[in-house]
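Step one of this worksheet: look at the structure below.
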Amino acid sequence: MRRIQVTEGVPFSVEPALRVKVRGATDRLSAQLRPRLRLLREEPGQLILQNVIGSIRLNDSTILEVAPKVDGKADWVSAVLDLLIGLDRIDVAGERLAGLAPKRPELLEVLASVYAARLQRAIGRDGPLLLLDRRHAELGLLKGKLKTSNYLIQAPRRPHRFPVSYDELSADNDYSRALVAVARLLASITSSPQVRTSLVESAAALRPGFAEQIAVDPSAARKPFPPQWAVYRPAWSIAVAILTQTSLLRATGQHHGVEIAIEPWPLLERLLERALDQASVISSVAGTPLHREPKHSTPLLIAPSVGVTARSVEPDGRLTSSGSTIATFEAKYSPRVAGSEWPSREHVFQALTTAAACHSPLAVLVFPEDFEPCWWDVQGFAGFPSQLTAIGLGLFSYRRGAGDRTRGERIVSLLAGRTAASSGVQNAG
């Protein structure tokens, strides 16, 4: 398998035949992800992938591995997995089979190894995932519920055959079929013989005695998972991530192989939400409770004249205390660029306008890098907001659990230091 390593936002070149494949792959992803921004930009002799990270399969032998433009040398794969499928904390070093991952493992390789380990653990503990399934059959004995009308019609000719419906515990259900489909797909892309063998064995153990050819219900990923099979939930979270983020289940039965390619900016918003939730917990324990408000819009431009419309704003995050907004947050997936105006005018104006509409004294810009808060005093808004701060939450160094706590503590410290921030514009570097 050929793997082409590229970085989000950085130009790269491929041979003309693959250039066509890249266009087709990004068109396919655009239809799936419906991104805010175009995924592919073309320049003379070069291509630029933007607003997407992860693994993009171009053909049966070639995969594009797109690293993030921010902290791409970090263990960003672990952070993405923890944010993407965070029902259960992934410890890549602990869950992957020995000797699998290189220093900078590809997203799909790690996903395959973690999925293999989780399936093995679940099957080894509780066996195949069994559910009551309604069966319809014609039997030589009474079982379950007799279909009386059907029986009376055929009784003169075949009185010994009974059309019945009954419930039966079966390993052939929507969940096991989906788990098996993902196991086989991941087995087809992994370069590790150990992981491939583990996935193939798990696929066979999940549906013992049933045919290998299966049809997967596309809606299975959206169904509530059976609580009695919680041991399978960690593996199911990975299966759902794959089933919902790829075109594996199109009605034609054709697919382009397994790929996990995602827009990175929603991950920063999710990280912000987790940090604010932790800040709420920490502040409540300290006796100064804060509350993270669910996302909702706030009017900005009202009472429009004929022919124009009202406008509203919706911050990515909002903290309140005793019903009053104390800070609004805007997540901006962009790096700090040396020698450029930072934060950009657009980001500053959006943060200030949103805070003003929400009557917040503090406007916060949240970036994916990891840096200490930068502060500015604000004039012209009558104190709402009175200050603007930019903070980095370290998106690609995140690990679920401890990472939530440290970022929650950082938010609490940020709010505690608001009034202590020195007046005047400080150095943003």
So what's the angle, to the nearest 10 degrees on a 0 to 90 scale, between helix 193-206 and the longest Cα principal axis of the chain? 60
Two-site FRET efficiency, Ala204 against Ser324, from Cβ-Cβ distance with R₀ of 45 Å, rounded to 0.05: 0.15
Given the Cα-Cα distance of Ala31 and His359 and 0.36 nm per residue of separation, how much length would full extension add, in nm? 114.2 nm
So if each residue of separation counts as 0.36 nm, and I subtract the Cα-Cα distance between Ala17 and Val285, what length gain in nm does that give? 90.5 nm
Hey, rough spin-label estimate for Leu132 and Ala310, points 7 angstrom out along Cα→Cβ, what's it come to in nanometres? 5.0
What angle do you read, to the nearest 10 degrees and between 0 and 90, between the alpha-carbon axis of helix 233-245 and the longest principal axis of the chain? 80
May I ask for the angle, rounded to the nearest 10°, between helix 16-33 and the longest principal axis of the chain, with both axes built from Cα atoms and the value confined to 0 to 90°? 90
Take the alpha carbon gyration tensor of segment 295-429, find the square roots of its eigenvalues, order them as a ≥ b ≥ c, and report rounded if a/c is under 1.5; if not, report prolate when a/b exceeds b/c, else oblate. prolate
Which residues in segment 47-84 have a backbone N closer than 19 Å to a point placed 7 Å from the Cα of Ser191 along the Cα-to-Cβ line? 54-68, 73-78
Which one of Thr148, Thr26, Thr325 has the biggest mean-square fluctuation once the chain is modelled by GNM with Cα springs under 10 Å? Thr148
Using a Förster distance of 56 Å, how high is the FRET efficiency between His160 and Asp60, based on the Cβ-Cβ distance and rounded to 0.05? 0.55
Under 10 Å, Cα contacts only: if you run a Gaussian network model on the chain, which one of Arg292, Arg222, Arg57 comes out with the highest mean-square fluctuation? Arg222
Using only protein heavy atoms and a 1.4 Å probe, report how much of His296 is accessible, in Å² to the nearest 10. 70
Defining a contact as two alpha carbons under 8 Å apart and six or more residues distant in sequence, what relative contact order in percent does the chain show? 14
Which lysines, on any chain, are close to Lys69 with Cα under 17 Å apart, when same-chain ones fewer than 8 places away are left out? Lys332
Could you look at segment 131-170 and say what percent of its accessible area is carbon and sulfur, using a 1.4 Å probe and all protein chains? 56
In nm, to one decimal, how far is the Leu141 label point from the Phe349 one, both placed 7 Å along Cα→Cβ? 7.9
Where is the GNM fluctuation largest for the chain (alpha-carbon springs, 10 angstrom cutoff): Val52, Val337, Val77? Val337
Cut-off under 17 Å on the C-alpha distance; same-chain residues fewer than 8 positions from Lys145 excluded. Which aspartates and glutamates are left, in chain and number order? Asp133, Asp167, Glu168
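The values are calculated or read from the model by the stated rules, or taken from the named source; none is laboratory data. Since we're looking at a predicted model, the values are computed, not measured. In this analysis, Cβ positions are derived from the backbone assuming ideal geometry, glycine residues included, and neighbour counts consider all displayed protein chains. Just so you know, the surface numbers come from the protein's heavy atoms only, side chains and all, with ligands and any DNA or RNA stripped out. Shrake-Rupley method; radii C 1.70, N 1.55, O 1.52, S 1.80 Å.
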